[in-house]
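The values are calculated or read from the model by the stated rules, or taken from the named source; none is laboratory data. No experiment lies behind these values; they were computed from the predicted model shown. Note: ideal-geometry Cβ built from the backbone for every residue, glycine included; neighbour counts use all protein chains shown.
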Amino acid sequence: MSHASPTTPAPEQTVDQRVADLLGRMTLIEKIGQMNQLNSDGPAVLDQLRHPIQAGHVGSVLNEVDVVLVNELQRIAVEESRLGIPLLIGRDVIHGFNTVMPIPLGQAATWNPAIVREGARVAALEAASSGVNWTFAPMMDLTRDPRWGRIAEGFGEDAHLASEMAVAMVRGFQGNNLADAGSIAACAKHFAAYGAVESGRDYATTNISEYELRNYYLRPFKAAIDAGVSTLMASFSDVNGVPATGNEFLMRKVLREEWAFEGFVVSDWDSVRQLIIHGLSEDDRDAALAAVTAGVNMEMVGQSYIHHLPALVEEGLVAEAMIDELVASILRVKFQLGLFENAYTNPSDLPPAGNPQALDTVRQAALQSVVLLKNEGRLLPLSPDKLNSVALIGPLADAPYEQLGTWIFDGNAQWSVTPRRALEERLDGQVEVHYVRAMDTSRSRVSPTFDDAVRAASEADVAILFLGEESILSGEAHSRANIDLPGDQAELVRRIRATGRPVIAVIQAGRALTLTNIVDEVDALLFAWHPGTMGGPAIADLLLGVDSPSGKLPVTFPRMVGQIPIYYNQKNTGKPPSHDTIVHIDDIDPFAPQTSLGMTAFHLDAGYTPLFPFGFGLSYGEFHYDNMRVATPEVPLGESLRASVELTNRGAVAAEEVVQLYVRDLVGNVTRPIKELKGFRRVRLAPGETTVVEFVVHTDELAFYDRHMRRVTEPGKFHVWIGGDSDTQLRADFRVVDILTDDQKP
Ligand code: BGC
């Protein structure tokens, strides 16, 4: 096959000029080829894809991570296709590649964008060594529903926290320059509002008002775009009657017209053809037309584009100019990645996977992600000097694969250090450690091994239970309707409790769980999410007080499933509940007459509060918040609120606290949430140390979409709170004022 090297530019050409130049020389089928992404089925990939790549019918391949094969695919594209256009190699690098970070929900619990960024960098470097140049991450779907299995992959329920985390992850993957070795293109997904699926059932329908879309679900996407994310992925779900993959409002109006996004959108796996199954399109051709018209640049796997777009263009149903525009965005990313200069990967140019620095990053992240939910009588930290023996019990004490969590295609479970291994190492020669797994999986039922566990606990000074969900219980298509601890774990807890020994529960899970039935049965409770490769050492350090827990919940923990959706930034309603309205169904007089007086928004059998609020997490330090001040009681539009608090660690150990700032806009053109996170800061304090934590919040950050869908900051009265969780009562007030400019003055 003849091939010129027409893509070698004059060095002074800009990316846009190079794109235009290349596009000008492409045939229609070569353009449409760039919009086609095919899956690698493994070693047969070369046989399967050689001809389509040579013919210029493939723009991207996903799921090939053998660097030799990837280099060969690139060679075929660069040397054997007419125009030599290199390939995008996509992969789900969601929370690590070979070395695994905590699941993204756990990363959000760190409230530390710096560690999230570092973790994404580690993942990018390892993935890039395999020839991957594009990850399908970060997933930034907000959700208020822990039943949804994909809650594990995102950053929780809050738009501000998720935006900060999404931006950090994008920066970690993409580095300072996409063309640098070890930088890979990121993909903000799933656009949009996938996390609102009804009853948390994956792929189900979403119905979301435009108010809620703009004020909530879309915010992390906007933040990621402002941070330069290269690509977006369309969601699988039906959004207000139009599946996202065919949704012009989302992808043309919001994304392109309003946000001026210049990167490209990839469909989700076969989601173009699923438009037929949804009932939006009649056949493949109709589906291709709908998706391309809506603005999906690249089709993942389905091939309706490559099969039908040429005819759709020839028949005039799709303008070639539209194809040009969609293809230009794909080519732009390829140029930005430097693929035209060098499409090949030499792993020895990059650090080896699993190096000490990578392991240290993921250990730090795990350490900061663990949330201490209960610590009765300050049972934790344990001091080995005062112990003779401990019993380690449960299905997740020594489960190297399970602690990695969902989406770890390339994760190396052999590198996992489990809590059992870490504790045995730490306590070796000092404290006797007796391990009883008790349950094969988290779903196992009562069995005679429960008796072994009870015996081990009775003979120990303390029982540490490693409970939760194994990794397959969360993630894509793994939603649950009951989010209690699975199997007979609660029964195991009760039996261990009955021994009278102190009980510590360490829970690993991919979501918030309803812990109501065990929380009173344990003395201490650590929630560790799926903590990744170095989960064990992190958990051991926290149990033994080498470090203090400092994670804070990125999601509200309900008391029971019937409360869902329950979230901190709810509306006030016309009949807000208060601390006096906690009523239990058992307390109700069955003969009481119905009345419309004194009624508020609560459940008879659950009250209105969660089990643990958003932002919550205890520490071995003792943090006190005093002297909250607002330096700017009046904030002119265009200027900033300055609010501060004095934070003291009155405890005996150094610890980190995540200080959080919330506001409420009291009156609006549309009603506003009762609290909204607007800032947070991780602070480390030595015992006895005090510091002043100051927040600066620009009035633009107080803006919202009003009933006319205008983004405005309205002058008026606000509350502001600072504290250690969303339930903080430490409050002050300020006003946003409209200062008229000289020429506006009467
Ligand atoms: C998921 C995406 C993922 C894609 C490719 C889909 O099923 O929804 O998040 O990136 O598969 O693996």
Exclusive hit being free of Cβ contacts under 8 Å to residues at least 12 places away in the same chain and part of a loop (DSSP other than H, G, I, E, B), set Gly429, Gly487: Gly429
For the range 231-254, the count of residues that are surrounded by fewer than 24 Cβ atoms within 10 Å (Cβ to Cβ) and either outside any strand (DSSP E or B) or in contact with a strand residue (DSSP E or B) (Cβ under 6 Å, 6 or more places away or on another chain) (or both) equals 8
Which numbered condition trips up Trp148, out of (1) over 17 Å from Ala365 (Cβ atoms); (2) over 12 Å from the mean Cα position of the chain (by Cα); (3) surrounded by fewer than 24 Cβ atoms within 10 Å (Cβ to Cβ)? (3)
What is the one condition in (1) under 18 Å from the mean Cα position of the chain (by Cα); (2) crowded, with 23+ Cβ neighbours inside 10 Å; (3) β-branched (Val, Ile, Thr) that Ile472 does not satisfy? (2)
Let me confirm something: among Trp111, Trp134, which residue is within 14 Å of Glu164 (Cα to Cα) and either surrounded by 24 or more Cβ atoms within 10 Å (Cβ to Cβ) or of a type in the set (A, V, I, L, M, F, W, C) (or both)? Trp111
Being aromatic (Phe, Trp, Tyr) and either surrounded by fewer than 24 Cβ atoms within 10 Å (Cβ to Cβ) or not in a loop (DSSP other than H, G, I, E, B) (or both) is the filter here; which residues of the range 492-541 pass it? Phe527
Starting from the range 255-282, take each residue that is free of Cβ contacts under 8 Å to residues at least 60 places away in the same chain and list its partners that are away from the ligand (no atom under 15 Å from the Cβ) and part of a loop (DSSP other than H, G, I, E, B), counting only C-beta distances under 6 angstrom and pairs at least six apart or across chains. Leu275/Ser281
For Phe591, which of the numbered conditions (1) modelled with pLDDT under 90; (2) outside any loop (DSSP other than H, G, I, E, B) fails to hold? (2)
List pairs: first residue in the range 567-594 and within 17 Å of Asp605 (Cα to Cα), second residue modelled with pLDDT of 85 or more and of a type outside the set (Gly, Ala, Ser) anywhere in the structure, Cβ distance under 6 angstrom, at least six positions apart or on different chains. Pro577/Thr600; Pro577/Phe602; Pro577/Tyr608; Thr581/Thr600; Thr581/Phe602; Ile585/Leu604; Ile585/Asp605
Hey, Ala397 touching a residue at least 24 places away in the same chain (Cβ under 8 Å) and not in a loop (DSSP other than H, G, I, E, B) or not: no
Need pairs with beta-carbon distance below 9 Å; first residue among the small types (Gly, Ala, Ser) and within the range 140-152, second part of a helix (DSSP H, G or I) and within 13 Å of the ligand (Cβ to nearest atom); sequence gap 6+ or separate chains. Ala152/Pro104
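State all residues of the range 294-312 that are in a loop (DSSP other than H, G, I, E, B) and of a type outside the set (A, V, I, L, M, F, W, C); if no residue qualifies, say none.
Selection gives Gly295, Asn297, Gly302, Gln303.
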Condition check: part of a strand (DSSP E or B) and of a type outside the set (Gly, Ala, Ser). Does Val362 satisfy that? no
Looking only at the range 273-315, and only at residues there that are over 20 Å from Ala328 (Cα atoms) and touching a helix residue (DSSP H, G or I) at 6+ places or on another chain (Cβ under 6 Å), the one that is nearest to the ligand (Cβ to nearest atom): Arg273
Checking Arg252 against (1) in contact (Cβ under 8 Å) with a residue 40 or more places away in the chain; (2) among the basic types (Lys, Arg); (3) over 20 Å from Asn240 (Cβ atoms), only one condition comes out false. Which one? (3)
Quick check on Glu262: is it outside any helix (DSSP H, G or I), among the acidic types (Asp, Glu) and more than 16 Å from the ligand (Cβ to nearest atom)? yes
So the check is Cβ under 6 Å with 6+ separation or different chains; which pairs have a first residue in the range 109-120 that's under 12 Å from Val658 (Cβ atoms) and a second one that's charged (D, E, K, R) and part of a helix (DSSP H, G or I)? Pro113/Glu164
Right, Thr99: touching a Lys or Arg at 6+ places or on another chain (Cβ under 9 Å) and of a type in the set (Ser, Thr, Tyr) or not? no
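Look at the range 172-206 and say how many of its residues are in a helix (DSSP H, G or I) and over 15 Å from Gln336 (Cα atoms). I'd like the intermediate steps shown before the answer.
Let us first name the residues in the range 172-206 that are in a helix (DSSP H, G or I), namely 172-174, 194-196, 198-200.
Now restrict to residues that are over 15 Å from Gln336 (Cα atoms): 172, 194-196, 198-200.
Final tally of qualifying residues: 7.
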Does the range 140-147 contain at least one residue that is within 16 Å of the ligand (Cβ to nearest atom) and closer than 30 Å to Leu87 by Cα? yes
Close pairs from the range 62-79: first in a helix (DSSP H, G or I), partner among the acidic types (Asp, Glu) and within 16 Å of the ligand (Cβ to nearest atom), Cβ under 6 Å, at least 6 apart: Val70/Glu64
Among the residues of the range 191-202, is any within 16 Å of the ligand (Cβ to nearest atom) and surrounded by fewer than 22 Cβ atoms within 10 Å (Cβ to Cβ)? yes
Starting from residues that are of a type in the set (Gly, Ala, Ser) and within 16 Å of the ligand (Cβ to nearest atom), keep the ones in the range 34-83 and report whichever is nearest to Leu22 (Cα to Cα). Gly59
Residues being more than 26 Å from Asp92 (Cα to Cα) and either in contact with a His (Cβ under 6 Å, 6 or more places away or on another chain) or β-branched (Val, Ile, Thr) (or both): count how many of those fall in the range 285-320. 4
Test Leu367 against the criterion of being in a helix (DSSP H, G or I) and closer than 16 Å to Pro102 by Cα, and give yes or no. yes
Considering each of Arg378, Arg421 in turn, give the residue that is surrounded by fewer than 23 Cβ atoms within 10 Å (Cβ to Cβ), on the phi > 0 side of the Ramachandran plot and modelled with pLDDT of 95 or more. Arg378
Only one residue in Ala166, Ala159 is more than 16 Å from the ligand (Cβ to nearest atom) and of a type outside the set (Phe, Trp, Tyr). Which one? Ala159
Restricting to the range 547-562, name every residue that is out of contact with any helix residue (DSSP H, G or I) (no Cβ under 8 Å at 6 or more places or on another chain) and surrounded by fewer than 20 Cβ atoms within 10 Å (Cβ to Cβ). Val561, Gly562
